[in-house]
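Colleague: To start, I am sharing the structure in question, which I have written as structure tokens.
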Amino acid sequence: MKAQFPILYLDDSIIAIDKPAGVLAIPDHWDPEVPVAQQMLAKEYGTLLPVHRIDKDTTGVLLYARTQDAHRALNERFSTRQVEKVYLAIVSGEPEHDEWEIDAPLRPDGDRMHRTIIDMSKGKPALTRFEVVERFRGFALVRALPETGRTHQIRVHLAASRLPILADALYGDAEPLMLSKLKRRWKGDAFEEKPVIARSALHASKVTFLHPTSSVRLEIEAPLPRDFRAALNQLRKLRAI
């Protein structure tokens, strides 16, 4: 299968793509049948080395190294928090504050559902800052700025804030956004209704870092995908403020 991903940045050292939902960043033994961006891209761009990952249903900026030297340099930048990551999430609920942070250590595979959990004794340090971008009736668009890169960090920290990501199957109620639930006078056919967005509404919006060989500052952005934009358009019609 040939990769059909939009290329956001490409040179001899790195490649950044706009990953769609439903695609893994690297192989995962939990989902052996799901397409993997790393494998699909390798057919055209050669061996690609992961330096970070985003979840299967998360869209947006995904970065790979194309050489061992670039891989080492980027791993160092990620591990020492020299990479700025910006995510956008639609959350269920209305935040009490316009800005807040969650500093709660996380342990992956911590329960029977193999979820990441907050574990004050055995978890690894995890800090995420949040900013409200837009408010709606019963929902909000939130900017997430993770200082660390733990598995499912943003999803867990938002759930801990009592603001789970819309349609998140692991940390939320998994309920898709339906027009029939938004509009009191909706007159469509319930049997034929399609969800506005049916996957976890999380988007890796921007990654900023120093290039691994030239040290030039790069700022790579990915536009919002269609379903995310459609959800926002419907929610704006019900804006609370």
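The values are calculated or read from the model by the stated rules, or taken from the named source; none is laboratory data. Worth saying up front: this structure is predicted, and the values here are computed from it rather than measured. All Cβ positions, glycine included, derive from the backbone under ideal geometry; neighbour counts span all protein chains shown. Side chains are part of the model used for accessible areas, which takes the heavy atoms of the whole protein and leaves out ligands, DNA and RNA. Shrake-Rupley method; radii C 1.70, N 1.55, O 1.52, S 1.80 Å.
Rundown of residues vs (1) under 30 Å from residue 236 (Cβ atoms); (2) touching a strand residue (DSSP E or B) at 6+ places or on another chain (Cβ under 8 Å), yes/no style:
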position: 110; (1), (2): no, yes
position: 121; (1), (2): no, no
position: 161; (1), (2): yes, yes
position: 164; (1), (2): yes, yes
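Colleague: Residues of segment 77-98 being in a strand (DSSP E or B) and farther than 14 Å from residue 158 by Cβ, which ones? Show your work before the answer.
Modeller: Of the residues in segment 77-98, the ones in a strand (DSSP E or B) are 84-92.
Result: 84, 85, 86.
Colleague: Could you look through segment 5-40, keep only residues that are in contact with a strand residue (DSSP E or B) (Cβ under 7 Å, 6 or more places away or on another chain) and part of a helix (DSSP H, G or I), and pick out the one that is farthest from residue 225 (Cα to Cα)?
Modeller: Looking at residues that are in contact with a strand residue (DSSP E or B) (Cβ under 7 Å, 6 or more places away or on another chain) and part of a helix (DSSP H, G or I), I get 38.
Colleague: Let me ask something else about it. Anything in segment 132-166 that is more than 15 Å from residue 204 (Cα to Cα), of a type in the set (D, E, K, R) and either within 12 Å of the chain's Cα centre (by Cα) or assigned to a strand (DSSP E or B) (or both)? List them, or say none.
Modeller: Correct list: 134, 135.
Colleague: Among the residues that make up segment 106-113, is at least one of them more than 28 Å from residue 177 (Cα to Cα), surrounded by fewer than 18 Cβ atoms within 10 Å (Cβ to Cβ) and in contact with a Leu (Cβ under 9 Å, 6 or more places away or on another chain)?
Modeller: No: zero hits.
Colleague: Which residue pairs have Cβ atoms closer than 6 Å, lie 6 or more positions apart in sequence or on different chains, and pair a first residue in segment 84-96 that is among the hydroxyl-bearing types (Ser, Thr, Tyr) with a second residue that is outside any strand (DSSP E or B) and open to solvent by 20 Å² or more (accessible area, probe 1.4 Å)?
Modeller: Pairs that qualify, where the first residue is among the hydroxyl-bearing types (Ser, Thr, Tyr) and the partner is outside any strand (DSSP E or B) and open to solvent by 20 Å² or more (accessible area, probe 1.4 Å), are 92/164.
Colleague: Those residues that are open to solvent by 50 Å² or more (accessible area, probe 1.4 Å) and under 15 Å from residue 203 (Cα atoms), I need them from segment 21-62; list them, please.
Modeller: 53, 56, 57
Colleague: Test residue 2 against the stated conditions and say whether it is at pLDDT below 95, open to solvent by 60 Å² or more (accessible area, probe 1.4 Å) and part of a helix (DSSP H, G or I). It would help to see each step written out before you state the result.
Modeller: Working: at pLDDT below 95: yes; open to solvent by 60 Å² or more (accessible area, probe 1.4 Å): yes; part of a helix (DSSP H, G or I): no.
Criteria not met by residue 2.
Colleague: Which residue is most open to solvent (accessible area, probe 1.4 Å), if the candidates are limited to segment 208-229 and must be in contact with a His (Cβ under 8 Å, 6 or more places away or on another chain) and assigned to a strand (DSSP E or B)?
Modeller: 217
Colleague: Can you give me the number of residues within segment 69-105 that are open to solvent by 90 Å² or more (accessible area, probe 1.4 Å) and over 16 Å from residue 146 (Cβ atoms)?
Modeller: The first filter runs over segment 69-105 and keeps only residues open to solvent by 90 Å² or more (accessible area, probe 1.4 Å), leaving 69, 72, 76, 81-82, 84, 94, 96-99, 101, 103.
Filter once more, keeping what is over 16 Å from residue 146 (Cβ atoms): 69, 72, 76, 94, 96-98.
Here the count works out to 7.
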